[in-house]
1. Identify, by number, the condition in (1) free of Cβ contacts under 8 Å to residues at least 40 places away in the same chain; (2) open to solvent by 20 Å² or more (accessible area, probe 1.4 Å); (3) within 16 Å of ligand 2 (Cβ to nearest atom) that Phe191 doesn't meet.
2. Could you please find all residues in region 110-141 being in a helix (DSSP H, G or I), open to solvent by 50 Å² or more (accessible area, probe 1.4 Å) and either farther than 24 Å from Gly179 by Cα or of a type outside the set (Gly, Ala, Ser) (or both)?
3. Of all residues in region 1-56, which are within 21 Å of Phe191 (Cβ to Cβ) and free of Cβ contacts under 8 Å to residues at least 12 places away in the same chain?
4. When you go through Ile47, Ile58 one by one, which is the residue that is more than 15 Å from Glu155 (Cβ to Cβ), buried (at least 17 other Cβ atoms within 10 Å of the Cβ) and under 15 Å from the mean Cα position of the chain (by Cα)?
5. Kindly evaluate Leu168 against the criterion of being away from ligand 2 (no atom under 16 Å from the Cβ), surrounded by 19 or more Cβ atoms within 10 Å (Cβ to Cβ) and free of Cβ contacts under 8 Å to residues at least 60 places away in the same chain.
6. Looking at (1) within 7 Å of ligand 1 (Cβ to nearest atom); (2) open to solvent by 20 Å² or more (accessible area, probe 1.4 Å); (3) at pLDDT below 95; (4) not aliphatic (A, V, I, L, M), which is the one condition that is false for Thr41?
Amino acid sequence: MLEVEALHAFYGKSHILQGVSLVVGDGEIVALLGRNGAGKTTTLSSIAGLIQSKNGAIRFAGRPLQDLPAHHVSRAGIALVPEHRGIFKLLTVEENLEIAARKGSRWDMKAVYGLFPRLAERRRNGGGALSGGEQQMLAIARALVNAPKLLLLDEPTEGLAPVIVDELRSAVAAIRDAGVPVLLVEQNLAFCLALADQSYIIEQGRIVHHARRGEFAATEDVRERYLTLG
Ligand SMILES: Nc1ncnc2c1ncn2[C@@H]1O[C@H](COP(=O)(O)OP(=O)(O)O)[C@@H](O)[C@H]1O
Ligand SMILES: [Mg+2]
């Protein structure tokens, strides 16, 4: 479904991604793990068309994407939920969803409130009154009502309490089970191991490890070398 091949990306003269290749198959959750500064966000930004200074190939459902601007990538069905969530603080939860909703999405208001009951309780509250976890849920819900064919999640669990992380884990599994593949950027290894069908580790702009479900947990040395422990 999504194929990234030998992707290079630059910020000005800084050569950040140095040949990233990864595949997200139909109905899969694929984790991209790595330390701070490894190039995870840059990878997502490149796929989403937010970074234009890049080369290599990005294909989505067989179509080349690498030269398209962000609004075209979004129209093709790729939804990025960025690290800083970007919800509208002066709008209510419901209004945030309404302005993102696309007709014919299988995820309507009822479906996203079913997925995130906390949002249903908070539907009349302003975006600015939400907790960090609720904001993350709203950001994901907003992507869903826009009928995505692929979801890109950038560190959804960062800074959130364990009980909220559990709710997000169930929700991300349910999204995959409903047929929307997910490319999940994380530093939370346990969260990824619980969810991912495949995992990649990125370090200094290069993929240094790849494992399928079940293979990853055994490789202690990989964790120690490439990931932040704890
Ligand atoms: N806007 C930017 N301009 C210049 N360098 C950047 C910018 N954003 C990120 N970088 C650099 O690119 C590298 C990768 O960053 P990033 O993709 O954000 O890492 P991660 O998401 O894995 O923490 C880091 O060295 C970071 O300092
Ligand atoms: Mg990042």
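The values are calculated or read from the model by the stated rules, or taken from the named source; none is laboratory data. Keep in mind the model is a prediction, meaning the values are calculated, not measured. Heads up, the Cβs are rebuilt from the backbone with ideal geometry, glycines too, and the neighbour counts pull from every protein chain shown. Only protein heavy atoms, including side chains, enter the accessible area calculation; ligands, DNA and RNA are left aside. Shrake-Rupley method; radii C 1.70, N 1.55, O 1.52, S 1.80 Å.
1. Here Phe191 clears every test but (2).
2. As a first pass, look at region 110-141 and keep what is in a helix (DSSP H, G or I): 110-115, 117-121, 127-129, 132-141.
Checking which are open to solvent by 50 Å² or more (accessible area, probe 1.4 Å) leaves us with 110, 114, 117-118, 121, 129.
Correct list: Lys110, Pro117, Arg118, Glu121, Ala129.
3. Once the filter is applied, which keeps residues that are within 21 Å of Phe191 (Cβ to Cβ) and free of Cβ contacts under 8 Å to residues at least 12 places away in the same chain, region 1-56 yields only Gly37.
4. Working: Ile58 fails: under 15 Å from the mean Cα position of the chain (by Cα).
Among Ile47, Ile58, only Ile47 is more than 15 Å from Glu155 (Cβ to Cβ), buried (at least 17 other Cβ atoms within 10 Å of the Cβ) and under 15 Å from the mean Cα position of the chain (by Cα).
5. Numbers: away from ligand 2 (no atom under 16 Å from the Cβ): yes; surrounded by 19 or more Cβ atoms within 10 Å (Cβ to Cβ): yes; free of Cβ contacts under 8 Å to residues at least 60 places away in the same chain: yes.
When the stated conditions are applied, Leu168 passes them.
6. It fails just one condition, (3).
Let's see how each residue does on (1) within 16 Å of ligand 1 (Cβ to nearest atom); (2) within 15 Å of Ile202 (Cβ to Cβ); (3) of a type in the set (Asp, Glu); (4) part of a loop (DSSP other than H, G, I, E, B):
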residue	(1), (2), (3), (4)
Gly19	yes, yes, no, no
Leu32	yes, yes, no, no
Ser45	yes, yes, no, no
Gly49	yes, no, no, yes
His71	no, no, no, no
